[in-house]
Amino acid sequence: MIEGVARYSEDWEIRKAQKLDSWLRNMTRLSGLINLLEKLASSAAPERRPGVNRQVHVLRSSLKKQQERYIEFLQLSRDYADKFLLDISSTIIGQEEFLDTLEKRWTWRRSCIRKQFDCKSHMRARSRVLWRISGKQFCLNRCHRTQAS
């Protein structure tokens, strides 16, 4: 699933780059054609010059709008990329904090288990000692009673 998403993302990036490249080439071609049309306007008949100059002006303003849209699109893409990176970094920071908390809990749990084991071991050893002591005491008391009788 992740490979498919990655492949789709790579394909999308390639297509986006191709479209941007085509868009840029078309604007360059349009600019060249506008320059040619302007040269033709200077050599056109005087009655046709105003119409051709109007077309040159309209095409130049159209090209300028195209260039502005292109820059806006690139800026939008950059803003989206920055937003995406911010979203990802906040997610990564959240994951790091979550993992730190889990590690602290795991360490705390292990230390509690170790302390519990140490406590049980200590209690068992103490019980054995107490049992031995009380057993000896019992024997001593019994022996003492028998001797006293």
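Go over the candidates Leu33, Leu85 one by one and state the one that is at pLDDT below 75 and not basic (Lys, Arg).
Leu85
If a residue has to be loosely packed, with under 11 Cβ neighbours inside 10 Å and within 17 Å of Gly32 (Cβ to Cβ) to count, how many in segment 65-82 make the cut?
Qualifying residue count, segment 65-82: 0.
So how many residues does segment 89-136 have that are over 35 Å from the mean Cα position of the chain (by Cα), modelled with pLDDT under 75 and not hydrophobic (A, V, I, L, M, F, W, C)?
Total meeting the criteria: 7.
For Glu38, indicate whether it is assigned to a helix (DSSP H, G or I), acidic (Asp, Glu) and either at pLDDT 85 or above or out of contact with any helix residue (DSSP H, G or I) (no Cβ under 9 Å at 6 or more places or on another chain) (or both).
Yes.
State which residue is nearest to Gln66 (Cα to Cα) when the search covers only segment 36-55 and only residues that are surrounded by 12 or more Cβ atoms within 10 Å (Cβ to Cβ) and under 53 Å from the mean Cα position of the chain (by Cα).
Residue satisfying both the conditions and the ranking: Gln55.
The values are calculated or read from the model by the stated rules, or taken from the named source; none is laboratory data. Source: prediction; values computed, not measured. Ideal geometry is used to build each Cβ from the backbone, glycine not excepted, and the neighbour counts take in all protein chains shown.
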